[in-house]
Amino acid sequence: MNNITGFKCFDCGREHGVAEVEYVCPGCGGNLDVLYDYDRVKAQLTKTSLAADHNFTMWRYRALLPIDESSAVPPLTVGWTPIYDCTRLAGEYAVKQLLLKDDGRNPTASFKDRPSALAVVKAQEAGAEVITTASSGNAGSALAGICASVGMNSIIFVPASAPAAKIAQLQIYGARVMLVEGTYDEAFDLCIAASRKYGWYQRSTGFNPFTREGKKTAALEIAEQLNFSVPDKVIVSVGDGNIISGLWKGFRDLQALNFIDRLPQLIGVQSATASAIVEAANGDGMVREGPAHTIADSINVGKPRDATAAIRAIRDSGGRGVKVTDDEIIAAIAELARATGVFAEPAAAAAFAGFKAMCASGTLKADERVLLMLTGNGLKDIDAVRSAVKKPLSVLPSMDELSDLLSRQRWTG
């Protein structure tokens, strides 16, 4: 038994009972929000119980997750990723506090371990033998890794343009990989059609409502790790929109439980060449699909599948969308790494690029506490970040040669 009471459609607003839903709204096909009995949750989850809980994973919030009490969870340690207080950067950019939550520290090196771990539990509850997803790389890698840890079969649909490191990660975990000669959006549509035909459990973002529930655990951690004093702004990159809607769901859950007394503003960052959600959130609210071309493959989405919920999260929080260029994203990778020691992949570094853009435009105040949600490790996409660094120096194995080189480079001081 879990604490779910039903589902509510983000698009048409209709509510559905637990037994009425497989993935999307039976009425309009829209994405669904999972509803909880918060009074029942309050009896099981308190600040006192959390303080006494030494299970420092996403599963410490089990009472607020849509899984049965008897369900086994994957053995990999997902969640409770670190938050770093970056005083030097805060001073440089004139904000009160700048925090980084580094989800590149998850087992497969991305935020996507959270929803994938939850999806695997739900697939096991459903008795599924195969689980599938469409992915630009990270979601697939996460699912493949979690499946490997429990011995479940996975089939991953990935655009052929995905970074080689991510494809290799999929294969090393033993996933069956379908490289789709097309865009992420085309891979998504093919994956949905295949799961319907063959009866595979479907994990894809913006289709399975439980992915948002896994992603919200990052917000639960942010609040608890900061002693339930939430930041003024949380900045995160946006692709399909499921992460930002998940963070908003987590913060709203905390408020419903009276764990926090205010909500942060959510800032969604997209590449200027893949910005459907930012344009809609800052404009008339209407999503205009189109081609997407950005070096940040994890947010290279032209048809965002969780756009309604993402736009609502940005607007309801009093936040906004920010666009950055690919050049700004690449520059942000190097600056962030050199200032903090955290190596972020392009999509993760987009959050820092967005922060810098807001500082430059004067839209961040000096008394604000800001948290950047970093969603993936830089080793995920080495080719994309090579342009941010110079070619390394080479030298013969000779002290004279080395001394001459160091002198010319002025490295001897």
Query - Total charge dipole magnitude, region 164-245, about the Cα centre, Cβ charges on Lys, Arg, Asp, Glu only, Debye to nearest 20 - result: 260 debye
Query raised in the report: What's the center-to-center distance, using Cα atoms, between region 350-413 and region 148-224 in Å?
Result: 31 Å
Report summary line: Averaged over all viewing directions, the convex hull of the alpha carbons in region 1-132 casts a projected area in nm² of 11.4 nm²
Query - Rounded to the nearest 20 debye, dipole of region 168-317 from Cβ charges on Lys, Arg, Asp, Glu - result: 340 debye
Report summary line: For region 348-413, one quarter of the surface area of the C-alpha convex hull, expressed in nm², comes to 8.0 nm²
**Report entry** DSSP bridge orientation in region 42-160 - percent antiparallel, rounded to nearest 5
**Finding:** 40 percent
Report summary line: Carbon and sulfur atoms account, in whole percent of the 1.4 Å probe accessible area of the chain, for 50 percent
Report summary line: For the chain, the charge dipole (Cβ of Lys, Arg +1; Cβ of Asp, Glu -1; about the Cα centre) points to a positive end, and the Cα of Met358, Met286, Ala72 closest to that extreme belongs to Met358
Requested in this report: Set Lys and Arg Cβ to +1 and Asp and Glu Cβ to -1, take the dipole of the chain about its Cα centre, and tell me which of Val230, Gly104, Thr308 lies farthest positive.
Outcome: Val230
Report task. Rounded to whole Hz and in sequence order, give me ³J(HN,Hα) for region 283-298 from the Karplus expression 6.51 cos²θ - 1.76 cosθ + 1.60, θ = phi - 60°, writing x for Gly and Pro. Result -> x, 8, x, 8, 7, 10, 5, x, x, 10, 9, 9, 5, 7, 4, 5
Report summary line: By the mean-Cβ-within-10 Å protection proxy, highest first, 134-142, 102-110, 190-198 rank as 134-142, 102-110, 190-198
Query raised in the report: Among 111-118, 65-72, how do they line up from the highest to the lowest mean number of other beta-carbon atoms within 10 Å?
Result: 111-118, 65-72
Report task. Evaluate the relative contact order of the chain (contact order divided by residue number), counting alpha-carbon pairs under 8 angstrom at least 6 apart; express in whole percent. Result -> 16 percent
Query raised in the report: Rounded to the nearest 20 Debye, what is the dipole magnitude of the chain about its Cα centre when Lys and Arg each give +1 and Asp and Glu each give -1 at the C-beta?
Result: 400 debye
Query raised in the report: Which shape class applies to region 50-120: rounded if a/c is under 1.5, otherwise prolate when a/b exceeds b/c and oblate if not, where a ≥ b ≥ c are the square roots of the Cα gyration tensor eigenvalues?
Result: prolate
Query raised in the report: Taking N as the number of residues in the chain, what is its Cα Rg relative to 2.2 N^0.38 Å?
Result: 0.98
Report task. Note the direction-averaged projected area, equal to a quarter of the hull surface, for the Cα convex hull of region 309-402, in nm². Result -> 8.9 nm²
Query raised in the report: Full extension from Ile172 to Lys42: what is 0.36 nm times the residue separation minus their Cα-Cα distance, to one decimal in nm?
Result: 42.6 nm
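Relative to 2.2 N^0.38 Å, what does the C-alpha radius of gyration of region 257-413 come to as a ratio? Two decimals please.
Compactness ratio reported: 1.33.
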Requested in this report: Can you tell me the equivalent ellipsoid semi-axes for region 18-85? Use √(5λ) from the Cα gyration tensor, largest first, whole Å.
Outcome: 27, 16, 13
Requested in this report: With no solvent and one equal point scatterer per Cα, compute the Debye intensity ratio I(q)/I(0) for region 133-270 at 0.17, 0.21 Å⁻¹ and report its log10, rounded to two decimals.
Outcome: -0.93, -1.16
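Rolling a 1.4 angstrom probe over the protein heavy atoms, how many square angstrom per residue are accessible across the chain?
Per residue, the chain has an accessible area of 41 Å².
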Report summary line: One would report the antiparallel percent of DSSP beta bridges in the chain, rounded to the nearest 5, as 25 percent
Query raised in the report: Which order, highest average first, do 352-360, 256-264 follow once you tally other Cβ atoms within 10 Å for each residue and take the mean per peptide?
Result: 352-360, 256-264
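The values are calculated or read from the model by the stated rules, or taken from the named source; none is laboratory data. These numbers were taken from a predicted model, which means no experiment stands behind them. Using ideal geometry, Cβ is built from the backbone for each residue, glycine included, and neighbour counts are taken over all protein chains shown. Only protein heavy atoms, including side chains, enter the accessible area calculation; ligands, DNA and RNA are left aside. Shrake-Rupley method; radii C 1.70, N 1.55, O 1.52, S 1.80 Å.
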